[in-house]
1. Rounded to the nearest 500, what is the chain's calculated 222 nm mean residue ellipticity when only DSSP H runs of at least 4 contribute -39500 (n - 2.57) each, over all residues?
2. Take the solvent-accessible surface of the protein heavy atoms, probe 1.4 Å, and return the percent of it on the chain that carbon and sulfur atoms account for.
3. About its Cα centre, what dipole magnitude does the range 71-220 give when the only charges are +1 on Lys and Arg Cβ and -1 on Asp and Glu Cβ, stated in debye to the nearest 20?
4. Roughly how many Å is it from the Cα centre of the range 119-167 to that of the range 1-78, as a whole number?
5. Quick one: Kirkwood hydrodynamic radius for the range 92-228, alpha-carbon pairs, angstrom, one decimal?
6. With a probe of 1.4 Å, find how much accessible area the range 3-70 has per residue, and write the answer as a whole number in Å².
7. Hey, can you find the accessible area per residue of the range 140-235 for me, probe 1.4 Å, expressed in square angstrom?
8. Shape call for the range 103-148 from the C-alpha gyration tensor, a ≥ b ≥ c root eigenvalues: rounded (a/c under 1.5), prolate (a/b greater than b/c) or oblate?
Amino acid sequence: MPKINKTYIGLFLISLATLMLEISLIRFFSIAQWYHFAFMVISIALFGIAASGTFLFVKSVKNPLFLSSVLFSLSTIAGFFITNNLSFDAYKATTNLAHIFVLLLYYAFLSLPFFFLGVIVAFILSKNQKNSGVVYFYNLSGSALGTILAMPALAFLNVKVIFLISLTGFFASLFFMHNKRLNKVVLFLIIANLLLFFIKIDINISPYKELSHALNIPNSKLIATKWNSFSRVDVVTSSFTRYAPG
């Protein structure tokens with residue numbers, strides 16, 4: 001049985017992680033804003049991948065696979081935390097330029113993981129032109145599996161699926177590594193990533209969404225949240241009582 005090139009395994013894993021990220025961002029945008037903002041993720045992904053092609057055309061790099069894989073994971077975590085804490089109001093964007101700037105920050109930070117994926121795929125293709133079919137096989141197989149796994153991962157991990165995606169990127173970097181001395185660095189990053197699963201995080205939801213309106217009722221509070229493969233259900237309780245005038 002022929003030995004599988006470990007670079008292809010890394011490509012498979014990073015492709016899997018990227019499609020999980022794209023599907024997850026679509027779900028997050030749909031919950032945090034409105035469903036039509038979910039389609040913005042497609043343009044963000046295309047923007048990042050196109051930028052990587054331009055980068056490789058302008059700048060010659062020796063072997064960016066390991067570093068790009070690590071930066072994919074770090075930018076996935078950083079991009080989520082940064083954009084989740086930015087206040088974007090689509091209704092005010094027509095009159096307040098600050099919200100246009102926030103939208104640009106969304107594109108800048110969320111496109112970075114797709115940029116690093118593009119660097120990895122383009123570099124591997126350039127070095128394996130005679131085996132381009134094999135490269136595409138691992139790339140598309142990983143992407144297909146990532147799309148399938150995104151749904152159950154969202155149902156079980158909800159927002160913390162981001163940490164699973166970044167963890168997959170760190171594991172992919174192990175297959176791109178050429179210097180064994182970097183093992184300790186990756187091990188540290190993996191352990192730090194695993195610790196993130198224990199923190200409490202949630203999506204910053206728009207004040208115009210139904211949940212925000214429900215929580216504006218006096219004495220109301222969110223008592224339960226349930227995710228599944230296609231929706232998020234929130235349960236809100238309130239002790240508010242309306243008294244009729246005497």
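The values are calculated or read from the model by the stated rules, or taken from the named source; none is laboratory data. Model, not experiment: these values are computed from the prediction. Here Cβ is always computed from backbone atoms with ideal geometry, including for glycine, and neighbour counts include all displayed protein chains. SASA here: full protein model, heavy atoms, side chains in, ligands and nucleic acids out. Shrake-Rupley method; radii C 1.70, N 1.55, O 1.52, S 1.80 Å.
1. -21500 deg cm²/dmol
2. Percent of accessible area from carbon and sulfur atoms in the chain: 69.
3. That gives the range 71-220 a dipole magnitude of about 580 debye.
4. Computed from Cα coordinates, the inter-centre distance equals 8 Å.
5. 18.9
6. With the other protein chains kept in place, the range 3-70 gives 48 Å² per residue.
7. Heavy-atom accessible area per residue stands at 59 Å².
8. Judged from the Cα gyration tensor, the range 103-148 comes out oblate (a/c at least 1.5, b/c at or above a/b).
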